[in-house]
Amino acid sequence: MMNLESQAFSANEMIPSQYTCDGEEISPELHWDAPPIGTQSLALIVDDPDAPGQTFVHWVVYDIPPETRQLSPGIPAQEPLAKGGTQGKNDFGNLGYGGPCPPSGIHRYFFKLYALNRTLGLDAGVTKAQLQAAMSGHILANGELIGRYSRA
């Protein structure tokens, strides 16, 4: 198990509006401890299981170098990431981070980090499902941080 945290919000606490569709919609800072020996890359999936109809994907990032210990706030939707890594497509249909924007009520946002025993080499813009298929059988460890958000 890996420890995943953010300076922006604590586990199970409210995500500040600057990281949502009601604010600047920038990605929050995330940091983690060292992955297990044998890790070749890291992957991150951020989704909302409380969305109407199906789980809504907000961010997909993969092939993050194993020596990386954080993602700075405000990662731009570009390829490739400045310090390594590739972004996939969110359910808004865009590359990169799409902030919380629940239609009603308080939603939970799951930030899930995976340590993988290989680099995936996928093109930019893959979906969560494509990433999960590529990661299958290659996960060494994972960590999770849950934030919550409700629109005013």
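The values are calculated or read from the model by the stated rules, or taken from the named source; none is laboratory data. This one's a predicted model, so the numbers in the text were calculated from it and none came from an experiment. Note: ideal-geometry Cβ built from the backbone for every residue, glycine included; neighbour counts use all protein chains shown. Accessible surface is based on the protein model in full, side chains and every heavy atom, while ligands, DNA and RNA are left aside. Shrake-Rupley method; radii C 1.70, N 1.55, O 1.52, S 1.80 Å.
Brief remarks follow.
- Only one of the numbered conditions (1) farther than 21 Å from GLY53 by Cα; (2) in contact (Cβ under 8 Å) with a residue 60 or more places away in the chain; (3) of a type in the set (Gly, Ala, Ser) is violated by GLY74, and that is (2).
- Every residue from the stretch 63-105 that is part of a strand (DSSP E or B) and more than 25 Å from ASP22 (Cα to Cα): ASP63, ILE64, THR86
- Among residues of the stretch 10-48 being in a loop (DSSP other than H, G, I, E, B) and under 21 Å from LEU120 (Cα atoms), the one that is most open to solvent (accessible area, probe 1.4 Å) is ILE37.
- Output for the stretch 121-139, where each listed residue is open to solvent by 70 Å² or more (accessible area, probe 1.4 Å) and either in contact with a Ser or Thr (Cβ under 6 Å, 6 or more places away or on another chain) or at pLDDT below 95 (or both): ASP123
- Whichever residue in the stretch 68-94 is among the small types (Gly, Ala, Ser) and touching a Gly at 6+ places or on another chain (Cβ under 8 Å) and, among such residues, is surrounded by the most Cβ atoms within 10 Å (Cβ to Cβ): GLY88
- Within the option set ARG118, ARG108, being open to solvent by 60 Å² or more (accessible area, probe 1.4 Å) and in a loop (DSSP other than H, G, I, E, B) holds for one residue only, ARG118.
- Any hit, the stretch 51-59, residues being touching a residue at least 12 places away in the same chain (Cβ under 8 Å) and among the polar types (S, T, N, Q): no
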